[in-house]
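Okay, structure first, notes after.
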Amino acid sequence: MSLQNFITGLPKAELHVHHVGSASPRIVSELAARHPDAGVPSDLERLREFFTFRDFAHFIEVYLSVVDLVRTPEDIRLLTYEVAREMAEGQNLRYAELTCTPYTSVIRGIAIEAYTEAIEDARVAAERDFGLVLRWVYDIPGESGLPAADATLSYALEHRTDALVGFGLGGPEIGVPRAQFQPHFEAARAAGLHSVPHAGETTGPDTVWDSLRLLGAERIGHGTSSAQDPALLAHLADTGVVLEVCPTSNLATRAVDRIEEHPLRAFVDAGVSVTINSDDPPMFATTLNHDYEVAASLLGLDERGVADLAKAAVTASFAPDDVKTRIAAEIDAYAAGA
């Protein structure tokens, strides 16, 4: 069996993947056809051109244009269920923590109660139909500032479901200091939510340090620039804080210039715990399977090494213990059979 085929069949968990950002051209096409006034092409070939990014700022622009297609609870339910279908059927995912940004839907007119009902209905259906366990991370869109942070915290605390496990911070890092969100993360953590902010993707190690010291981060989204600071790498290794690494995304957004320059190897050599993720896969022309292939190449992994990488994601997840045990056993059985 080739390593590519091994990865395709490998049961996996994913911890850093965005709700709207997982909308494939097939899903976006359907949403664009519902809302032609949004200016997003519904033709699949034109959509591929639409998803070609110049830099991180352009990615945010395109991302928000897709957000604008999600206008009704029915749109949210469709998006969530179809993303789950593609995760399970295309990537052999057994568990995913999907990062949702409810603020961007609520300000477009969807009540948080309807939003919550839509994603929960899709979650239950996805587990029933595809065997995929979904959990939610609600993240603050950093570019929208404190009003978005206040609202996101209220959604998380006042409209919480058992499936909500994490509290995050996304969007641009430049000009969006972490310190302003410290009270929000303290309140979320006090309520039992896990802290999983993005940091160090388009800024330096100081943003990662701030996320650790001010936001109580248990995992760091990306953390790419951590490799520039040996003291930070040592701290991450000593404390067991996990980096959610997204190799292809980092190349697409120019966080790294060449995939060969990606710091994944430096992280592992320093003893930092890492997981492999796809971030916004259709928008970056990637899949979780492909990112595992990239990681295997960067780290020189064989089948057993790739299986261990998959188990690391299960370990770092906030899944219930019985789910962790089941998926880890599936990975071991698959690797032994292969």
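Before moving on, here are some points about what is shown:
- Restricting segment 84-102 to residues that are aliphatic (A, V, I, L, M) and touching a residue at least 60 places away in the same chain (Cβ under 8 Å), the residue that is nearest to Ile7 (Cα to Cα) is Leu93.
- Which numbered condition Thr161 fails, given (1) more than 19 Å from the chain's Cα centre (by Cα); (2) within 27 Å of Pro11 (Cβ to Cβ); (3) not in a loop (DSSP other than H, G, I, E, B): (3)
- Close Cβ contacts (under 9 Å, 6 or more residues apart or on different chains) running from residues in segment 256-268 that are at positive phi to residues that are loosely packed, with under 14 Cβ neighbours inside 10 Å are absent.
- Qualifying residue in segment 103-126 (condition: touching a residue at least 60 places away in the same chain (Cβ under 8 Å), over 17 Å from Gly21 (Cβ atoms) and not in a helix (DSSP H, G or I)): no
- Residues in segment 128-158 that are part of a helix (DSSP H, G or I), touching a strand residue (DSSP E or B) at 6+ places or on another chain (Cβ under 6 Å) and either β-branched (Val, Ile, Thr) or closer than 20 Å to Val83 by Cα (or both): Thr152 only.
- Among (1) buried (at least 23 other Cβ atoms within 10 Å of the Cβ); (2) at pLDDT 95 or above; (3) part of a helix (DSSP H, G or I), the one test that Arg85 misses: (1)
- Checking each residue of segment 317-328 against the condition of being under 29 Å from Glu49 (Cα atoms) and surrounded by fewer than 22 Cβ atoms within 10 Å (Cβ to Cβ) gives no match.
- From the options Phe181, Phe167, residue that is more than 22 Å from Leu78 (Cβ to Cβ) and part of a helix (DSSP H, G or I): Phe181
- Look at segment 173-195: where a residue is under 18 Å from Thr99 (Cα atoms) and a partner is loosely packed, with under 15 Cβ neighbours inside 10 Å and acidic (Asp, Glu), sitting 6+ places away or on another chain with Cβ atoms under 8 Å, you get His184/Asp150.
- Total residues in segment 248-305 satisfying the condition of being of a type in the set (D, E, K, R) and not in a helix (DSSP H, G or I): the figure is 6.
- None of Asp37, Asp68 is surrounded by fewer than 19 Cβ atoms within 10 Å (Cβ to Cβ) and over 22 Å from the mean Cα position of the chain (by Cα) except Asp37.
- Note on segment 150-172: among residues that are in contact (Cβ under 8 Å) with a residue 60 or more places away in the chain and not aliphatic (A, V, I, L, M), the one that is nearest to Ala316 (Cα to Cα) is Gly166.
- Output for segment 237-264, where each listed residue is crowded, with 24+ Cβ neighbours inside 10 Å, touching a Phe, Trp or Tyr at 6+ places or on another chain (Cβ under 8 Å) and not β-branched (Val, Ile, Thr): Leu243, Ser249
- Residues within segment 226-271 that are out of contact with any Leu (no Cβ under 9 Å at 6 or more places or on another chain) and of a type in the set (Ser, Thr, Tyr), tallied: 3
- The set of residues in segment 265-286 being at pLDDT 95 or above and surrounded by fewer than 20 Cβ atoms within 10 Å (Cβ to Cβ) consists of Arg265, Ala266, Val268, Asp269, Ala270, Gly271, Ser273.
The values are calculated or read from the model by the stated rules, or taken from the named source; none is laboratory data. Keep in mind the model is a prediction, meaning the values are calculated, not measured. Quick reminder, even Gly has a Cβ in these numbers, built from the backbone with ideal geometry, and neighbours come from all protein chains shown.
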